[in-house]
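Q: If you scroll down you'll find the structure; I have some questions about it.
The values are calculated or read from the model by the stated rules, or taken from the named source; none is laboratory data. These numbers come from a predicted model, not from an experiment. Glycine gets a Cβ as well: all are built from the backbone with ideal geometry, and neighbour counts include every protein chain shown. Accessible surface areas use protein heavy atoms only, side chains included; no ligands, DNA or RNA. Shrake-Rupley method; radii C 1.70, N 1.55, O 1.52, S 1.80 Å.
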Amino acid sequence: MIGVSLVVLGGAAFLTGCADTGSLGSSGGGKPTTTTSVPATTTPVVTTPVESGSLALKTVTAPTWTDQNGPIDLSTMVVVPGDVLTYHASFALEIKGTEMKAKLSTSDLGVSGGDALVAQLKPVTEVKLDGVPVPVGADGTVVSTSKDGKIVDVAIRFTFDKDSATALSMDQSLNLARFDVNLVQIPA
């Protein structure tokens, strides 16, 4: 590669090169002449790769269920008045890309089953991003690359209040639909 720079001296510009710039010779008239040529300048093409960003929710802790006494197996659990069932899950945000923004939101948890038990065990959902509560539901919150690597904690609590429980909720079942945590890019 030939490096070329422009040198300005007293208002006159001289082009100087870092390679052989010509020859000094004479012409047939006996008068010496100078012939100088400047080599062509080549600008190299920079071959820096263009990278794409990424957007993901990565599981930090597998979802678990607990009651007021510790871990439970939801498939064998039989709730009684006074129980507090809690679903826990944690995710890490991956949001990388120049000026990328995304919406962090959740779906509504569908609950069906016996009417009296459903009325007793209404879920209360709490979502925190880096320890700060964020709105639950489709409205969610907007996040940017500054939140890359931050943790999203989800807790859904079902409290079977023993003071308001009735015999109508006995021998019923509760079905929980899926609950989604969504991270969707916002168009620029």
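Q: Of the accessible area of region 84-168, with the probe set at 1.4 angstrom, what percent is carbon plus sulfur?
A: 50
Q: Would you please put 65-71, 99-105 in order of how densely packed they are, using the mean number of other Cβ atoms within 10 angstrom per residue and starting with the highest? Could the numbers behind the result be given before it?
A: Working: 65-71: 11.9, 99-105: 17.3.
Order by mean packing, descending: 99-105, 65-71.
Q: Just the number please: accessible area per residue for region 41-147, 1.4 Å probe, all protein chains included, in Å².
A: 61
Q: Cα-Cα over 20 Å: which of K122/K162; K101/K150; K122/K147; K58/K150?
A: Checking Cα-Cα distances, K122/K147 exceed 20 Å.
Q: Let me see the P(r) profile for region 64-130: every Cα-Cα distance counted, bins of 5 Å, each bin given as a percent of all pairs.
A: The percentages, shortest bin first, are 3, 11, 18, 21, 16, 10, 8, 6, 4, 2, 0.
Q: How big is the shadow of the Cα convex hull of region 43-186, averaged over all directions, in nm²?
A: 11.0
Q: Here's something else I'd like to know. Calculate the spin-label point distance for T98 paired with L168, positioning each point 7 Å from the Cα along the beta-carbon direction, and give it in nanometres.
A: For the pair L168/T98, the computed spacing is 6.2 nm.
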